[in-house]
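Working notes for the structure below.
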Amino acid sequence: PAVTSPCKILKCNSEFWAATSGSHHLGAEEAPEFCTALRAYAHCTRRTARTCRGDLAYHSAVHGIDDLMVQHNCSKDGPTSQPRLRTLPPGDSQERSDSPEICHYEKSFHKHSAAPNYTHCGLFGDPHLRTFTDTFQTCKVQGAWPLIDNNYLNVQVTNTPVLPGSSATATSKLTIIFKSFQECVDQKVYQAEMDELPAAFVDGSKNGGDKHGANSLKITEKVSGQHIEIQAKYIGTTIVVRQVGRYLTFAVRMPEEVVNAVEDRDSQGLYLCLRGCPLNQQIDFQTLRSAQATEGRARRKGPSLPAPPEAFTYETATAKCREKLPVEDLYFQSCVFDLLTTGDVNFMLAAYYAFEDVKMLHSNKDKLHLYERTRVLAPGNAAPAGTHPTLWVALLCLCWLCLL
């Protein structure tokens, strides 16, 4: 197929692969032929350098060529070849493989190169956000907000009030736009709403379209109407979307290189998965708990304030969340908060599934649990039960006075 992008790195890649096909484990006698193909590869990349600025595949190829030159003791000066072009396999786009290799992010890394670093972002519940830097926030963010906005895809969520007049919001709509990427995928749009979690893109397809690497983008339905997974292998990205109750949850695993692939860095302030929610949209757990307690006392004195759902007390909400979330981390606290705010047990399941997605997607298993930064932690990152931060401050001050 014709490559519409002015960057011709895929043509360079294809020519090199064709010239070295079946010769990846070279003996000493084959090295001159490999070096000839490698020099031709380097010459091809230099010809397309001007139009490939900022192109992930181009920079990966350039670094790979330099490494292979050293590895096989190839001279940069010498003959180059004009290798034959590999013919494309026949068949419908729905049945094509993930070739060419550039359409598989992990395979595009040479074996001697460092493995890519992966990050995770998730959004669930009322809503709670875990950013790519493992910052955990509870936000208001009512209306439409961008979660991800980089050179390869856009993700936007719409949050609506859970109850009329309530400040509690949850994700009711999700839009994901995969941008056209060279000869791998066409632009594809995925959209989910309350009570509608499709297992296909808006055009009815389940892969990246008519390009040769179409199957490097796929949708898989895990549980009908409840759980879908999107694999975007060409950018090394996995996205999980769930409907829990009436509302949606979102989780993604993405390489740092893709996360930071943004041309206009000044616009990153509204990129929630990277920068977090604006300060005026964030909700503090400790402050809200105090407000809930004050509001509860006010209701006992008179009916002046609107009453939240009464399905759970703090004790029953804690017991319910502990059934699915035995570790009292921020996922557990989010569960308790959401049950008290909404009275909807599905928010407990949303927190549970959000943590299950973290276990599946997060690359650092030591960072699965997150805890409040204001709380003094016991050894093993477990928060001391029943200990208030103010008490710890008072004890520390008392110890200091004793030393004086």
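Worth pointing out:
So that you can scan it fast, the table gives a plain yes or no per residue for (1) at negative phi; (2) touching a residue at least 60 places away in the same chain (Cβ under 8 Å); (3) of a type outside the set (S, T, Y):
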residue: A114; (1), (2), (3): yes, no, yes
residue: T119; (1), (2), (3): yes, yes, no
residue: F124; (1), (2), (3): yes, yes, yes
residue: P127; (1), (2), (3): yes, no, yes
residue: C139; (1), (2), (3): yes, yes, yes
residue: A144; (1), (2), (3): yes, no, yes
residue: L147; (1), (2), (3): yes, yes, yes
residue: N154; (1), (2), (3): yes, no, yes
residue: T158; (1), (2), (3): yes, no, no
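- Residue within segment 243-252 that is over 21 Å from C121 (Cβ atoms), open to solvent by 20 Å² or more (accessible area, probe 1.4 Å) and assigned by the TED database to the domain that holds T131 present: yes
- Positions within segment 207-226 being more than 17 Å from K173 (Cβ to Cβ) and either without any contact (Cβ under 8 Å) to a residue 24 or more places away in the chain or loosely packed, with under 15 Cβ neighbours inside 10 Å (or both), in sequence order: D210, K218, T220, E221, K222, V223, S224
- The sole residue among Q182, Q187 that is among the polar types (S, T, N, Q) and at positive phi is Q182.
- Members of segment 213-234 found to be touching a Ser or Thr at 6+ places or on another chain (Cβ under 6 Å) and basic (K, R), listed by number: K233
- Search result, residues across segment 327-356 that are open to solvent by 20 Å² or more (accessible area, probe 1.4 Å) and among the acidic types (D, E): E328, D344, E356
- In the set D126, D134, only one residue is more than 28 Å from D55 (Cα to Cα), touching a helix residue (DSSP H, G or I) at 6+ places or on another chain (Cβ under 6 Å) and assigned to a loop (DSSP other than H, G, I, E, B); that residue is D126.
- Only listed residue being assigned to a helix (DSSP H, G or I), of a type in the set (D, E) and modelled with pLDDT of 70 or more, chosen from E15, E29: E15
- Criterion (under 22 Å from F347 (Cα atoms) and not in a strand (DSSP E or B)) met by exactly one of S166, S172: S166
- Test: T4 is modelled with pLDDT under 80, open to solvent by less than 20 Å² (accessible area, probe 1.4 Å) and closer than 29 Å to A214 by Cβ: no
- Among the residues of segment 104-121, those identified as at pLDDT 80 or above and out of contact with any strand residue (DSSP E or B) (no Cβ under 8 Å at 6 or more places or on another chain) are H104, E106.
- In this structure, S180 does not satisfy being open to solvent by 20 Å² or more (accessible area, probe 1.4 Å) and more than 19 Å from C103 (Cα to Cα).
The values are calculated or read from the model by the stated rules, or taken from the named source; none is laboratory data. These numbers were taken from a predicted model, which means no experiment stands behind them. Methodologically, a virtual Cβ is constructed for each residue, glycine included, from the backbone with ideal geometry; neighbour enumeration extends over all protein chains shown. Accessible surface areas use protein heavy atoms only, side chains included; no ligands, DNA or RNA. Shrake-Rupley method; radii C 1.70, N 1.55, O 1.52, S 1.80 Å.
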